[in-house]
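The values are calculated or read from the model by the stated rules, or taken from the named source; none is laboratory data. Predicted model, so just to flag it, every value in this text is computed and none were measured. Because the Cβ atoms are built from the backbone with ideal geometry, glycine has one as well, and the counts that use them run over all protein chains shown. Accessible surface areas use protein heavy atoms only, side chains included; no ligands, DNA or RNA. Shrake-Rupley method; radii C 1.70, N 1.55, O 1.52, S 1.80 Å.
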Amino acid sequence: MSKKMYLNLIVLLLMVLMPCAVAAAAPLIPVPNVSVGVEAANNPKDVALSLQILFTLTILSLAPSILIMMTSFTRIVVVLSFLRSALATQQMPPNQVIIALALFLTFFTMSPYFGEVNKNAMQPYLAGSITQEAALDAAMKPMRQFMFKQTRENDLALFVNLSEGPRPNAAEDVPTTTLIPAFIISELKTAFQIGFLIYIPFIVIDMVVASTLMGMGMMMVPPAMISLPFKLLLFILADGWHLIINSLVTSFH
């Protein structure tokens, strides 16, 4: 190997090692140290603040369940699921579309009650004019009013009897823990009734198609595959989405 090649090799090694040396000599970037621990409180205010933060996190984690249990979401999403099953369109519309439509319809039907919650509970609490307990009581009043309107008396009586508590003399005496499950089973019953009515015309189409195929001797042809276009045609001609949404929204009035 010639002397010139040795010089070229040395220069190449220096070019490779120089950035490493510069990087090693450069000061390290400070990385923040994050730690989570439990320390002794210095005064009662720290304890109260910690409890408020824990309560807020609990409410936020239960917010989806509260939305499902205490609003019109249950009835709407069950009816839309029945509609998809009656059409036999497998995953059309997708679950994401059904959930999103149910959520926006819930916001639409519950907007008067949410407005009362914001006016009588949220805004006064943010302004500091009422306490947290008073804000919760004010927020529950319109929600209880909505649930009482949609709850059947026999469903409410069922949970009152199961609770084995004192018999309430007025609606204000019914505990919220008793009202919520009664409201849920009432919503499920109403949703199943609407779902039964949705199924009737599509079952008729299935029966007609199955009878026709049997009469023609086409035993190996799946009736569901033949009846699906006719179901979609009937649904489109009857403006099915308009009828379903109109019936759902007006059922809460």
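Data overview
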read-out: Residue among Ala88, Ala100, Ala121 that alone is touching a Lys or Arg at 6+ places or on another chain (Cβ under 8 Å), open to solvent by less than 50 Å² (accessible area, probe 1.4 Å) and among the small types (Gly, Ala, Ser); value: Ala88
read-out: Unmet requirement for Leu234, which otherwise passes all of (1) at pLDDT 80 or above; (2) under 19 Å from Arg144 (Cα atoms); value: (2)
read-out: Members of region 229-253 that are loosely packed, with under 10 Cβ neighbours inside 10 Å and closer than 25 Å to Thr106 by Cβ; value: His242, Thr250, His253
read-out: From Arg144, Arg167, residue being out of contact with any Asp or Glu (no Cβ under 7 Å at 6 or more places or on another chain), assigned to a helix (DSSP H, G or I) and either under 16 Å from Ile66 (Cβ atoms) or among the basic types (Lys, Arg) (or both); value: Arg144
read-out: Residue within region 119-132 that is among the β-branched types (Val, Ile, Thr) and assigned to a helix (DSSP H, G or I) present; value: no
read-out: Residue in region 187-195 that is of a type outside the set (Val, Ile, Thr), in a loop (DSSP other than H, G, I, E, B) and either at pLDDT 80 or above or open to solvent by less than 40 Å² (accessible area, probe 1.4 Å) (or both) present; value: no
read-out: Test: residue in region 158-170 that is over 28 Å from the mean Cα position of the chain (by Cα), open to solvent by less than 90 Å² (accessible area, probe 1.4 Å), farther than 18 Å from Met110 by Cβ and among the aromatic types (Phe, Trp, Tyr); value: no
read-out: Where Gln90 falls short, out of the listed (1) part of a helix (DSSP H, G or I); (2) closer than 30 Å to Leu233 by Cα; value: (1)
read-out: Lone qualifier among Thr109, Thr71, Thr89 - being more than 30 Å from Lys231 (Cα to Cα) and of a type in the set (S, T, N, Q); value: Thr71
read-out: Those residues of region 196-228 which are open to solvent by 70 Å² or more (accessible area, probe 1.4 Å) and at pLDDT below 75, in sequence order; value: Met214, Gly215, Met216, Met218, Met219, Met220, Met225
